[in-house]
Every structure is written in C-alpha cells, then in structure tokens.
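Trainee: Questions regarding the structure given below will be posed in turn.
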C-alpha cells in the first residue's frame with residue numbers, strides 16, 4: 001500500500017473508533033475527516049498522525065489526541081453562525097476542526113513560533129475564517145469579544161474571570177480544569193438565565209496554561 005492509502009485507512013479506522021466512543025455530531029465528524037492531521041505533526045511523527053494519541057510539538061507543547069478534540073468540539077454544541085475563541089493554538093489542529101464548522105474562529109497563542117507555524121498551516125488549507133493572534137491566553141482576546149463558544153486547549157486550575165466575561169449570555173465554554181502536570185476534569189460551562197450550568201465530561205491531561213506572551217520562542 002502507498003503512504004496515502006495507509007493514511008486513508010488509518011483515518012477511517014480512527015473515525016469508526018470515535019463513533020463507537022460516542023462522537024455523533026455530524027459536523028464534528030465531517031471536520032475530523034476533512035482536516036489532514038498529518039499536516040499538523042512533526043515530520044518524524046507523521047506515521048502516528050492518525051493514531052488516537054497526543055503528540056509532542058515545538059515549545060514543549062502537544063497536539064491533543066483526536067478523541068479529546070472531538071469530545072470538546074461536540075460538547076461546544078457548535079452552529080455555523082458561531083464565533084469561537086480558542087485559547088492555546090498549539091499546532092492549529094483544533095482551530096482547523098472548528099474552522100470547518102463555524103463562521104469565525106479566533107485562536108490565541110503565547111508562543112510566536114507556534115502561532116506563525118499554525119497560521120501558515122491554516123492558510124495553506126484555505127481556512128481564511130480562522131485568525132491566529134499572539135496574546136496572553138489568560139486574558140482571552142477582548143478585541144473580538146463576545147464569543148458564542150470558548151475552548152481552552154490548555155489546563156487551568158480555575159477559569160479566568162477575564163475569559164468568562166467574553167462569553168455571550170447563552171454561550172458555552174469547555175476547558176480542562178485541574179492541577180498542572182496531573183489529571184484534570186474536562187468541564188463544560190453553559191450560561192443560562194439561572195447562572196452557569198456545569199457538567200463534567202471526563203478526565204483529561206493537558207499542558208498547563210501560562211500567563212503572558214513568551215519572549216524567547
């Protein structure tokens with residue numbers, strides 16, 4: 001088999017496994033099928049691109065496993081007209097998934113190296129509705145607020161108030177919440193007339209969110 005056919009088979013096997021694990025949102029599944037994950041991993045790790053596992057990227061960060069990206073995207077309950085904020089661009093993979101589903105994505109990253117590389121990948125895929133900004137993720141991105149949906153792609157011990165303030169009155173936020181360098185709870189917060197509705201989605205392990213903008217990388 002050719003490399004392309006191997007990747008197609010691995011992609012099909014992954015999508016089947018995700019369906020079996022409860023990912024039913026058609027828009028999310030379609031986006032996962034359309035986004036070439038091999039474009040978001042290091043060249044030496046390309047044989048593992050369609051494995052359901054997190055992989056290392058530059059700056060000590062990771063690209064999340066597809067099952068976790070799918071779970072988070074499904075939990076956001078996305079609609080085509082939504083504007084979404086992602087905090088923690090990383091490789092740009094999750095932003096690409098979101099960009100295939102919603103009207104507009106703003107993704108913020110503290111590392112210029114990662115932000116620039118992600119922006120090039122997204123541009124090469126024609127995702128002109130995804131903007132990558134270099135910013136302090138702890139502060140969200142007020143210049144484009146409010147957001148219908150917010151996704152934190154890095155772990156926090158508690159949701160920063162500045163980010164919650166950027167969520168629309170009926171907005172949804174999904175984030176890994178818990179101690180750094182340990183297991184966290186994937187948390188879904190939905191704004192309702194009665195306040196924030198909280199739902200736990202399972203255990204995950206994300207790199208921690210750091211304040212500020214990296215000055216070296």
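The values are calculated or read from the model by the stated rules, or taken from the named source; none is laboratory data. Everything numeric in this text was worked out from a predicted model, so none of it was measured. We place every Cβ from the backbone using ideal geometry, glycine too, and count neighbours over all the protein chains shown.
Trainee: Could you pull out the residue among 16, 45 that is in a helix (DSSP H, G or I) and under 30 Å from residue 190 (Cα atoms)?
Mentor: Values: 45 fails: under 30 Å from residue 190 (Cα atoms).
The conditions single out 16.
Trainee: Let me ask you something else. Checking the structure you have, find out if any residue of the range 72-79 is free of Cβ contacts under 8 Å to residues at least 24 places away in the same chain and either part of a loop (DSSP other than H, G, I, E, B) or over 24 Å from residue 198 (Cβ atoms) (or both).
Mentor: Scanning the range 72-79, I find no residue that is free of Cβ contacts under 8 Å to residues at least 24 places away in the same chain and either part of a loop (DSSP other than H, G, I, E, B) or over 24 Å from residue 198 (Cβ atoms) (or both), so the answer is no.
Trainee: Among the residues of the range 109-120, is any more than 22 Å from residue 53 (Cα to Cα), surrounded by fewer than 20 Cβ atoms within 10 Å (Cβ to Cβ), in contact with a helix residue (DSSP H, G or I) (Cβ under 8 Å, 6 or more places away or on another chain) and in contact (Cβ under 8 Å) with a residue 24 or more places away in the chain?
Mentor: yes
Trainee: Now, a different point. Are there any pairs with C-beta distances below 6 angstrom linking a residue in the range 36-50 that is touching a residue at least 60 places away in the same chain (Cβ under 8 Å) to a residue that is in a loop (DSSP other than H, G, I, E, B) and surrounded by 15 or more Cβ atoms within 10 Å (Cβ to Cβ), with the two at least 6 apart or on different chains, and if so which?
Mentor: Matching pairs, first to second residue: 40/91.
Trainee: So, one more: Check the range 126-143 and report whether any residue there is at pLDDT 95 or above, on the phi > 0 side of the Ramachandran plot and surrounded by 20 or more Cβ atoms within 10 Å (Cβ to Cβ).
Mentor: So far as the range 126-143 goes, yes, one or more of its residues are at pLDDT 95 or above, on the phi > 0 side of the Ramachandran plot and surrounded by 20 or more Cβ atoms within 10 Å (Cβ to Cβ).
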